[in-house]
Every structure is written in structure tokens, then in C-alpha cells.
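Some notes on the structure that comes next.
The values are calculated or read from the model by the stated rules, or taken from the named source; none is laboratory data. Quick caveat: nothing in here was measured; it's all calculated off a predicted structure. Because the Cβ atoms are built from the backbone with ideal geometry, glycine has one as well, and the counts that use them run over all protein chains shown. Note: accessible area is taken over every heavy atom of the protein model, side chains too, but ligands, DNA and RNA are not part of it. Shrake-Rupley method; radii C 1.70, N 1.55, O 1.52, S 1.80 Å.
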Amino acid sequence: MDWRQKRDASGVRYVLEIAEEHAVSITACLAGSAIAADTFSAFNGKIEAWQELAVIRNLLQQIDHPGLGIAVGRRYHLTSLGILGFTMLASETLMNALSTLDRFQSLALAICPVKTEVEPRGVWVIFDERVLPEDTRRFVVERGLSAVMSVVSELMQCDVVPLEVQVRFDAPPDAHTGYSELPTSLQFAAPRNGVLFANDDLHHPLPQANLASRFQGEQLCGRLIQEIQLSPNGSSLVHRVQQVLLENPSSLLTSKDVATCIGLSDRTLHRRLADEGLSFRQLNDQIKQRLAKQMLSASTLDMHSIAQHLGYAEAASFSRAFARWTGQNPGHWKRTHKALD
């Protein structure tokens with residue numbers, strides 16, 4: 001988990017609303033988070049993941065009871081997710097919407113990794129809490145499970161009852177109090193933290209489906225991820241190198257080419273990247289891999305066309321590079337990641 005990644009401030013706003021309902025001081029919740037008071041009134045206010053985690057930990061020091069995260073999660077709506085929510089709303093089915101969530105999860109306001117997993121009865125949306133400090137895990141998992149159920153019901157425009165809801169943690173003594181508003185009973189000490197949605201719901205057409213809007217939304221999501229995830233911990237130099245590579249995807253630029261574009265010598269570029277524990281090849285491979293995955297998952301281009309878009313003379317060269325990056329050939333990767341579409 002990259003704790004310095006910029007994210008929308010809505011998650012913290014909902015935490016503070018719950019704090020107010022329980023008469024917990026907002027000042028106490030924001031202590032040590034370095035969040036300015038005007039963050040929540042500013043348009044498109046941004047915070048870093050560690051700041052949100054700091055607010056959560058402050059709240060839990062004041063009040064911590066089972067189901068607190070469930071109450072926060074119910075406040076999430078498609079509008080909370082911005083362009084990702086718009087794209088999910090325009091999807092043909094819930095299956096497509098969850099595929100979009102899986103593909104662009106870094107825009108989902110989740111503070112731990114989220115993934116979808118297909119099984120014969122339907123699809124799990126799973127939250128991996130292991131990157132989190134132990135004292136925040138229950139709250140963050142509760143919030144994520146509740147939020148995804150809230151968003152899915154909004155997508156379907158009806159109350160959706162999952163087949164199962166599971167959590168890894170043990171049942172607290174007063175478990176039934178905090179979880180009574182869930183649409184189905186919670187299974188404790190389970191193998192995963194997840195919600196299982198049934199095939200019947202997954203394949204039901206969504207009422208506001210629009211193929212053109214979904215396509216436009218996916219393109220915007222891809223651009224946002226490029227802006228947010230180029231290298232959140234990197235210096236301005238790293239960002240400049242990545243931006244040059246992104247702007248010239250069909251050219252196999254050398255480090256000398258990129259150094260010239262940003263006004264450095266090739267030797268200086270390598271030395272300054274090495275000072276940050278990076279190499280030009282690492283950055284180049286990251287960009288090529290990200291663009292390749294986007295084209296494989298969100299376009300109908302054939303392998304030869306994708307290879308040309310990425311600067312490779314033939315599909316075979318692209319396939320070898322992709323296998324080096326991912327351990328899979330691009331055809332297999334595309335089939336796997338199209339399973340939800």
C-alpha cells in the first residue's frame with residue numbers, strides 16, 4: 001500500500017460525520033493528520049492515504065465498537081466515487097460494473113487492496129486487510145463491505161441481498177448489535193473479507209446502461225490513474241521521465257532520447273535515477289506494461305496493433321516483453337482479465 005498516494009477526501013468526511021454523531025471531537029480526530037480545515041470545503045480536495053488512516057485511528061481511540069465501519073460504509077454512493085461511479089453506472093450489467101471496479105480500484109476510495117474473484121455461484125468482492133495496522137483492520141474491512149453493498153444496490157436501483165458476507169476476524173462479544181443492519185448475516189473467522197453477489201444479480205441489465213458513456217468513462221479513469229499512479233513517491237525528475245514516455249508510447253525511446261527531452265545528459269539522468277534506487281529500464285517497463293494492460297483490457301485492438309502502439313515492430317517482440325513483465329503471454333492475460341466482461 002502506498003500511504004502517500006493522493007486520494008479524494010470523501011472517506012475522511014464520512015468518518016468525521018460518524019464522529020460528530022457520537023459526540024467525538026473533530027479536532028481530536030484530525031490530530032496529527034496534517035489535514036487543513038479547508039480541505040473539505042475545497043472543490044476536489046485531496047489527502048494522502050496515511051492521513052485518512054491517521055483520522056481512522058484517532059476515531060477508534062475515542063470510540064471503537066463492532067459495526068462502526070458498517071455505519072460509515074452506508075454513506076458511500078456512486079457519486080462518492082466520481083468518474084469511477086459514473087462509469088460503473090453506465091455499465092451494461094453488474095458484472096461489467098464490478099469488472100470496472102476491479103480494473104480501476106485505485107479510484108475506489110478503498111484504503112486496502114480490492115479484487116474480484118469468480119466462483120460458480122457468482123463473484124466475490126474481496127478486501128485484503130493485511131497491509132493495514134492491526135488496530136484499524138476491522139473498521140476498514142467493515143467500511144469496505146458496507147460501501148460495496150450500498151453502491152451495488154444503488155446500481156441495481158433495488159435492495160440487493162448478497163449470497164454471503166465473510167470476514168476474517170472473530171466475532172466480538174456484542175457482534176449482533178453492530179451488524180444488525182446488514183442485509184445478510186455476517187460469517188466470522190472466515191477465509192476472506194468479502195461479499196458474494198449471485199449470478200442472477202450479476203447478469204441483470206442495469207437501468208442506466210450506456211455503452212458510449214461507459215467507454216468515455218473508462219478512458220477518463222485510465223487518464224486519472226496515469227496522473228495519480230505514475231510514481232507517487234517519486235521526485236519531479238521521475239515524473240518528468242514517465243511523462244515523456246507516456247507522451248511517446250509508440251516510440252522505443254532510449255534513455256539518451258528522454259534525457260535530451262528533459263535537458264539532461266544521459267549520464268546525469270542515470271546517476272540521478274540511481275540515487276532514487278531506480279533505473280531507466282524500470283520506469284520504461286512500468287509505463288509500457290501499464291499501457292499494454294489498458295489496451296488489452298479496454299480495447300478491441302489485436303496483438304499486432306497493440307504492439308505497434310507500443311513501438312514494437314511485431315507482435316512476437318511485444319509478447320516476449322509482456323511475458324517478461326508479467327510472467328504471462330498477453331493473450332492469456334487478456335482472457336483472464338476479460339472473464340468478468
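With axes computed from alpha carbons, what is the tilt in degrees of helix 10-21 against the longest principal axis of the chain, rounded to the nearest 10 within 0 to 90? Taking Cα atoms only, the helix is inclined about 20 degrees. Applying a threshold of 20 Å to the alpha-carbon distances of Lys256/Lys293; Lys115/Lys334; Lys46/Lys288 flags Lys256/Lys293; Lys46/Lys288 as lying beyond it. Relative protection proxy for 84-93, 188-197, from highest mean packing down: 84-93, 188-197 (other beta-carbon atoms within 10 angstrom). Note that the range 269-326, at 20 °C in a medium of 1.002 mPa s, gets a Stokes-Einstein diffusion coefficient of 175 µm²/s from its Kirkwood radius over C-alpha pairs. Per-residue ellipticity at 222 nm, computed for the chain from helices alone with -39500 (n - 2.57) per DSSP H run of at least four residues, works out to -15500 deg cm²/dmol. Computed with a 1.4 Å probe over protein heavy atoms only, the accessible surface of the chain comes to 47 Å² per residue. Packing here is the average count of other Cβ atoms within 10 Å per residue, and on that basis the peptides 285-292, 20-27, 324-331, highest first, run 285-292, 324-331, 20-27. Compute the helix-to-body angle for 137-156: its Cα long axis versus the longest principal axis of the chain, expressed 0 to 90° and rounded to tens. That helix lies at roughly 80 degrees to the long axis. Modelled spin labels at Arg223 and Thr27, positioned 7 Å past Cα toward Cβ, are 4.3 nm from each other. Where does helix 94-103 land angle-wise versus the long Cα axis of the chain, in degrees 0 to 90, nearest 10? Value to nearest ten degrees: 60. Seen from Ala323, the other residues with C-beta closer than 15 Å to its C-beta sum to a net charge of +4, counting Lys and Arg as +1 and Asp and Glu as -1. Here the label points at Ser185 and Ala316, each 7 Å from Cα along the C-beta direction, are separated by 6.0 nm in the simple model. With an a/c value of 1.5 or above and a/b larger than b/c for the gyration tensor axes a ≥ b ≥ c computed over the alpha-carbon atoms, the range 65-186 is described as prolate. Classify the chain: rounded, prolate or oblate, from the alpha-carbon gyration tensor (a ≥ b ≥ c, eigenvalue square roots; a/c under 1.5 rounded; otherwise prolate if a/b is larger than b/c)? Oblate shape, in that a/c is at least 1.5 and b/c is the bigger or equal ratio. For Leu155, neighbours were defined as the other residues whose beta-carbon sits under 14 Å from its Cβ, and their charges (Lys and Arg +1, Asp and Glu -1) total -3. When peptides 206-215, 69-78 are sorted by average Cβ neighbour count within 10 Å, with the highest value leading, the order is 69-78, 206-215. Placing +1 on the Cβ of every Lys and Arg and -1 on the Cβ of every Asp and Glu, with no other charges, gives the range 46-167 a dipole of roughly 200 debye about its Cα centre.
Summarise the accessible area of the chain (1.4 Å probe, protein heavy atoms) by the percent that is carbon and sulfur. The C+S portion of the solvent-accessible surface of the chain is 51 percent.
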